[in-house]
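The values are calculated or read from the model by the stated rules, or taken from the named source; none is laboratory data. Because the structure is predicted, anything quoted here is derived from the model rather than measured. In this analysis, Cβ positions are derived from the backbone assuming ideal geometry, glycine residues included, and neighbour counts consider all displayed protein chains. These accessible areas exclude ligands, DNA and RNA; they are computed on the full protein's heavy atoms, side chains included. Shrake-Rupley method; radii C 1.70, N 1.55, O 1.52, S 1.80 Å.
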Amino acid sequence: MYLAGEWADSENGEVSNAINPATGEVMATVPKATLNDVNRCVEASRAAFHGAEWKNIDPAQRGRILHKMAAATYEAAKELAKIESENNGKTFREALSEIRYGAWTLEYFAGYADKIEGTTIPVPGNRLNYTLRQPIGVTAHIVPWNFPLQLALRSIAPALAAGCTVIAKPASWTPLSLIAWMRKIDEANVGLPSGVLQVITGSGRLIGDALAGHKGVDGIVLTGGVPTGQAVMAKASENLTPVTLELGGKGANVVFPDANLKYAAKAVCFGIFMNAGQMCWAGSRLIVHEEIHDDFVAAVVAEVSKWKVGPGMSEGVRIGSLVHENHRAEVLEKLADGLSHGGKVVCGGSAVKGDGAFMEATVVIDVEPDNPLFYDELFGPVLSVSKFATEEEALSLANNSDFGLLNGIWTNNLSRAHKLARDIESGMVSINEYPVTFPQTAFTGWKQSGIGIEQSKDALRFYTKVKNVNIKL
Ligand code: NAD
């Protein structure tokens, strides 16, 4: 762990194993922090926040530090990607592009450090009225295992740019890339004062929970599942600590006959089988017009059949291992439960035999809205297919979900595309492309997909608070 500017074991020396899910091998042991470690970490973060070195630093200098962090991340990207691939199971190519994306996010927010401005407000009488935007303070970042380093950087970057101090906790299965990244940042001497950025490791139930309920934490950012979001929000409510929650999804790709179907079939595969389907924004539902249903499903199956499944570090592999054998068991259980409600498997459907937590890319057709395959997040390589006849029906199917993260629309009819983009209930909509996001665009979920905004300048709102100042002249 990296606590108060130093590398540290947990107070009682306990560790847990970090595993390579493709082989089952133990890659490293990682400290299991105690509640005392959490207190020590929060204290160091508070001291760093109130210390003159961070608070009073020229904001442009904060930006320069972030630029140096971005440069160190780009430089170490291949090394970090290998660790990410081995600890998470994803392919090296995926890991590398994610880590470069994380570096790009640091760069994006580096540019904002000296552009966080208040306003002046016209008020009656002989007065001057203005607002200051000030950092909220100590922020705790609870990170999931599916994009371990990239999702950590997604929130660390705006928090530091705003002048907050950061405590990051990786998921227990995938702590290695964040620790390795922290080591690179430490070695690069980027100029972060001690305690401004810390990494603490341990279970969500103990350490995540303690951070969420800590009086010394001023903001909590969680990316995780809905039940975790509920637990974190409940805990945070004890101190009325604000939260940003990026939770689950059940994205739909709605495909009309007038779309570029060849390209759409490839993108639909990318949207659900990339990262072995372990994506909040996965397009796990395919809602396709009845006229083209059979041909389109055949094109999707033909495409994914070309995707090689295997260890993430092997050449040519497109689908790596799932993150853990326990997770694979859960995905297979949910798949079996769904199939007991209906639907027909036209591709895959099973674990891959042999070592490692591998699973076949799976396509299930004839999935009705009352089937859990339609509404539950499986978080694995499983695509559920449903048919529609009219545009109204397509919209109603797409919106028939408790989630609302990303939905895709495939059509070359301009007015239909804009109409659906307006009426679809999700924080993000993508037309004729899936999935896509950029550091400068909001990543945000509606409904049970979350609260708040990551990425884009709007993310900075969470990390700053407004102070109104009135002066009688
Ligand atoms: P998870 O909810 O199990 O864990 C996420 C993090 O929360 C981990 O660090 C974990 O240790 C911690 N945690 C667990 N229980 C906790 C508790 N009671 N209190 C505090 N912290 C706790 O999620 P996961 O399995 O790592 O990731 C998968 C989930 O994350 C999926 O539902 C997925 O959709 C979601 N996700 C969302 C986004 C997004 O941007 N919307 C991105 C990636 C993943």
Completion exercise
Given (1) within 16 Å of residue 463 (Cα to Cα); (2) within 16 Å of the ligand (Cβ to nearest atom), residue 95 misses just (1)
Exercise for the section: Exactly one condition in (1) among the hydrophobic types (A, V, I, L, M, F, W, C); (2) over 30 Å from residue 292 (Cβ atoms); (3) more than 10 Å from the ligand (Cβ to nearest atom) is not met by residue 268; state its number. Expected result: (2)
Completion exercise
Among strands (runs of 3 or more DSSP E) entirely inside the range 308-416, those with 1 or more residues being open to solvent by 60 Å² or more (accessible area, probe 1.4 Å) are 317-319, 344-347, 382-388
Exercise for the section: Take residue 206 and decide whether it is of a type outside the set (Lys, Arg), open to solvent by 10 Å² or more (accessible area, probe 1.4 Å) and either touching a strand residue (DSSP E or B) at 6+ places or on another chain (Cβ under 8 Å) or not in a strand (DSSP E or B) (or both). Expected result: yes
Exercise for the section: Evaluate the range 233-248: report whether one residue or more is under 15 Å from the mean Cα position of the chain (by Cα), charged (D, E, K, R), within 13 Å of the ligand (Cβ to nearest atom) and closer than 22 Å to residue 359 by Cβ. Expected result: no
Completion exercise
In the range 418-472, residues that are among the polar types (S, T, N, Q) and touching a Lys or Arg at 6+ places or on another chain (Cβ under 7 Å) total 3
Handout entry: Residue selected from the range 417-441 under the condition of a type in the set (A, V, I, L, M) and surrounded by 16 or more Cβ atoms within 10 Å (Cβ to Cβ), by the criterion farthest from the ligand (Cβ to nearest atom)
Key = 417
Exercise for the section: Return yes when residue 269 is over 30 Å from residue 460 (Cα atoms) and within 20 Å of the chain's Cα centre (by Cα) and no when it is not. Expected result: yes
Practice task
Tally the residues that are near the ligand (Cβ under 10 Å from one of its atoms) and either within 21 Å of residue 57 (Cβ to Cβ) or open to solvent by 10 Å² or more (accessible area, probe 1.4 Å) (or both), restricting the search to the range 172-201.
Solution key: 2
Fill in the blank from the handout: Flagged in the range 423-457 as within 18 Å of residue 116 (Cα to Cα), hydrophobic (A, V, I, L, M, F, W, C) and not in a loop (DSSP other than H, G, I, E, B), in numbering order, are none
Exercise for the section: Return yes when residue 282 is more than 21 Å from residue 172 (Cα to Cα), open to solvent by less than 10 Å² (accessible area, probe 1.4 Å), within 12 Å of the ligand (Cβ to nearest atom) and outside the structural domain of residue 48 (by TED's automatic domain parsing) and no when it is not. Expected result: yes
Problem - Test: residue 467 is outside the structural domain of residue 267 (by TED's automatic domain parsing), open to solvent by 40 Å² or more (accessible area, probe 1.4 Å), within 22 Å of the chain's Cα centre (by Cα) and away from the ligand (no atom under 16 Å from the Cβ) - result: no
Practice task
State yes or no: is residue 47 in contact (Cβ under 8 Å) with a residue 12 or more places away in the chain and in a helix (DSSP H, G or I)?
Solution key: yes
Handout entry: residue 139 vs. criteria more than 13 Å from the ligand (Cβ to nearest atom) and under 22 Å from residue 228 (Cα atoms)
Key = yes
Handout entry: Where residue 209 falls short, out of the listed (1) away from the ligand (no atom under 16 Å from the Cβ); (2) acidic (Asp, Glu); (3) not assigned by TED's automatic domain parsing to the domain that holds residue 353
Key = (1)
Exercise for the section: Give the range 102-132 a look and list any residue that's among the aliphatic types (A, V, I, L, M) and under 18 Å from residue 454 (Cβ atoms), or say none. Expected result: 103, 106, 110, 113, 116
Exercise for the section: Find the residue count for the range 285-300, including only residues that are more than 16 Å from the ligand (Cβ to nearest atom) and part of a strand (DSSP E or B). Expected result: 4
